[in-house]
Amino acid sequence: MNRLQHIRGHIVLTDKYMNMAATLPSPLTTHVLNIAQGVPGANMTIILYLLDPISSVWNLLTTGITNDDGRCPGLIKKESFIAGVYKLRFETGKYWDALGETCFYPYVEVVFTITDPSQKYHVPLILSRFSYSTYRGS
Amino acid sequence: MGSVKGPLTTHVLNTGDGVPAARMALSLHRLDPHMTVWSLVTIGNTNEDGRCPGLITSDAFTPGMYKIRFETGQYWESLGQSSFYPYVEIVFTVSAADQSVHVPLLVSRYSYSTYRGS
């Protein structure tokens, strides 16, 4: 193998590993469930923020929309997931509006503390027009 | 005030220990629709029964968007425990038809729920 072919082999190998890194699952996941209708909360906009501890400003990390299963894969990359205070904002008012209904909660913001970013965290939202709950899952 | 219930009430329950969440700090805010900023309406603490009477008067309880912020992180810290949530904010809409609104919070170290009661 000549020198160029040898170097090319290194670049191709790196691409392969980069693709693998891009498909690692997010260490932070969510799941929206519409318990009023017994269906996943699909097509709900959710926004993930990280609190800047120095300025106390919320920095927007990701905007996403839940899929047909009420999930939103790829919320954050493993390497970006640091210890800190995060906020998940669920656009519940818009969600129920799209279904032709009102909702007591115009939006839901769940603020939580990540102390150990090596763990997996699941922050679901179980929702109806007049109630909601959340818990820390894995 | 006496025994007259206000138009907006709350009740905080510690579902981890099966007791009312006593002495939890909380605050009520109203969204100023023109400025889109939150104005503080009341600051208080829950009593031994986890309730906080006198949050707002009927006259002041005009239609709009409100927020109750519960200092859950401080509460668990005072019990010597950590919690997943540093605080909980419940944002809700009050319409002209709403005479009596109850916004309870059921909270443990790793979960919480709320519902609209009356």
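What to note about this one:
- Only one of the numbered conditions (1) away from every other protein chain (no Cβ under 14 Å); (2) aliphatic (A, V, I, L, M); (3) in contact with a Lys or Arg (Cβ under 7 Å, 6 or more places away or on another chain) is not met by A:Leu61, and that is (3).
- Residue among A:Ser138, A:Ser56, A:Ser133 that alone is modelled with pLDDT of 95 or more, within 19 Å of A:Leu28 (Cβ to Cβ) and either polar (S, T, N, Q) or crowded, with 17+ Cβ neighbours inside 10 Å (or both): A:Ser133
- Residue match in the range B:33-46 (condition: under 27 Å from A:Arg136 (Cα atoms) and of a type in the set (A, V, I, L, M, F, W, C)): no
- Residues that are in contact with a strand residue (DSSP E or B) (Cβ under 8 Å, 6 or more places away or on another chain) and over 17 Å from A:Gly70 (Cα atoms) were ranked within the range A:117-130; the one that is surrounded by the fewest Cβ atoms within 10 Å (Cβ to Cβ) is A:Lys120.
- Residues of the range B:84-106 classified as within 12 Å of chain A (Cβ to nearest Cβ), more than 17 Å from B:Val19 (Cα to Cα) and part of a loop (DSSP other than H, G, I, E, B), total: 8
- Residue in the range A:64-85 that is within 23 Å of B:Leu31 (Cβ to Cβ) and free of Cβ contacts under 8 Å to residues at least 24 places away in the same chain present: no
- Scan of the range B:22-42 for residues that are on the phi > 0 side of the Ramachandran plot and loosely packed, with under 12 Cβ neighbours inside 10 Å, ordered by number: B:Thr36
- Criterion: assigned to a strand (DSSP E or B) and out of contact with any Asp or Glu (no Cβ under 8 Å at 6 or more places or on another chain) - qualifying residue of B:Thr114, B:Thr62: B:Thr114
- Selection within the range A:93-112: residues that are more than 7 Å from chain B (Cβ to nearest Cβ) and crowded, with 20+ Cβ neighbours inside 10 Å. The member of this set that is farthest from A:Val32 (Cα to Cα) is A:Cys103.
- Considering only residues in the range B:43-83 that are touching a residue at least 24 places away in the same chain (Cβ under 8 Å) and on the phi > 0 side of the Ramachandran plot, the one that is nearest to the other protein chains (Cβ to nearest Cβ) turns out to be B:Gly64.
- Applying the set (1) under 30 Å from A:Ser138 (Cβ atoms); (2) β-branched (Val, Ile, Thr); (3) more than 14 Å from every other protein chain (Cβ to nearest Cβ); (4) surrounded by fewer than 18 Cβ atoms within 10 Å (Cβ to Cβ) to B:Thr15 leaves exactly one unmet item: (3).
The values are calculated or read from the model by the stated rules, or taken from the named source; none is laboratory data. What you are looking at is a predicted structure, and each value in this text was computed from that prediction instead of being measured. Note that we place each Cβ from the backbone using ideal geometry, even for glycine, and neighbour counts take in every protein chain shown.
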